[in-house]
1. Only one of 13, 69 is among the aromatic types (Phe, Trp, Tyr), open to solvent by 100 Å² or more (accessible area, probe 1.4 Å), at negative phi and not assigned by TED's automatic domain parsing to the domain that holds residue 140; which?
2. Restricting to the stretch 136-145, give me the number of residues that are more than 15 Å from residue 69 (Cα to Cα) and either in the same structural domain as residue 42 (by TED's automatic domain parsing) or within 7 Å of the ligand (Cβ to nearest atom) (or both).
3. Please report, ordered by residue number, the helices (runs of 4 or more DSSP H) entirely within the stretch 30-149 with at least 2 residues that are at pLDDT 95 or above.
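The values are calculated or read from the model by the stated rules, or taken from the named source; none is laboratory data. Keep in mind the model is a prediction, meaning the values are calculated, not measured. Positions of Cβ are generated from backbone atoms using ideal geometry, with glycine treated the same way; all protein chains shown enter the neighbour counts. Just so you know, the surface numbers come from the protein's heavy atoms only, side chains and all, with ligands and any DNA or RNA stripped out. Shrake-Rupley method; radii C 1.70, N 1.55, O 1.52, S 1.80 Å.
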Amino acid sequence: MDFNKIKEMGLEYAEKGKNAALDLAEKGRTQAKIVNAQGKLYKAQRQLGALVYSLAKGNEENQPLVDKYIEMIANIEQELADLKASLEPDAIIETTFEEKDEADDDVTEDAPAAPAEEKPEADEAKTCPQCGAPISDDALFCNKCGAQL
Ligand SMILES: [Zn+2]
C-alpha cells in the first residue's frame, strides 16, 4: 500500500519533469521563431528604407510598392507580438542584440554611402523572375512590377 503510494508519487514527478522539459523545448522553438521573425523584420525595414530613399532621390513615387512593404512589416510585427505573447516575459532571452546592432550598422553604412555605386554589381547578379528587371540582392519585392520575390 505504501509502495503503491510511492510509485504514484514517482510517476507524478516523472510526469512533471517531462512536461517541464517539453515546455522548455517549446520555448526554445518559439525563441528561434522570434529571432527569425526579427531578422525578417529588419530586412523588410531596411528594404523599405532603401526603396523610399531611391524613390525620393529619383523624385518618383511608388505608393503600391511602399504599401506592400508596410503591409509585410505589419504582418511580421504581428507575428512577433504573437510569438512574444506566447512566452512569459522572463523567458524572453536577449538573443537579438547582436543582430540588431548588425542591422543598425548596415543602415548607417548604406544610407550615407552612395547606393547607386554599389547597386550595379548586385543588379547583374539577380533579376525579377516576373519582368526581368534588375533587383537588389535582398529585395523582397520587384521595384518595377511589384512581384513578391
Ligand atoms: Zn518585376
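1. Working: 69 fails: open to solvent by 100 Å² or more (accessible area, probe 1.4 Å).
Exactly one of 13, 69 is among the aromatic types (Phe, Trp, Tyr), open to solvent by 100 Å² or more (accessible area, probe 1.4 Å), at negative phi and not assigned by TED's automatic domain parsing to the domain that holds residue 140, namely 13.
2. Count: 0.
3. Values: elements: 63-85, 97-110, 115-125.
So the answer is 63-85.
For every residue, the table says whether it meets (1) surrounded by 13 or more Cβ atoms within 10 Å (Cβ to Cβ); (2) more than 16 Å from the chain's Cα centre (by Cα); (3) at negative phi.
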residue	(1), (2), (3)
9	no, yes, yes
20	no, yes, yes
39	yes, no, yes
45	yes, no, yes
49	yes, no, yes
62	yes, yes, yes
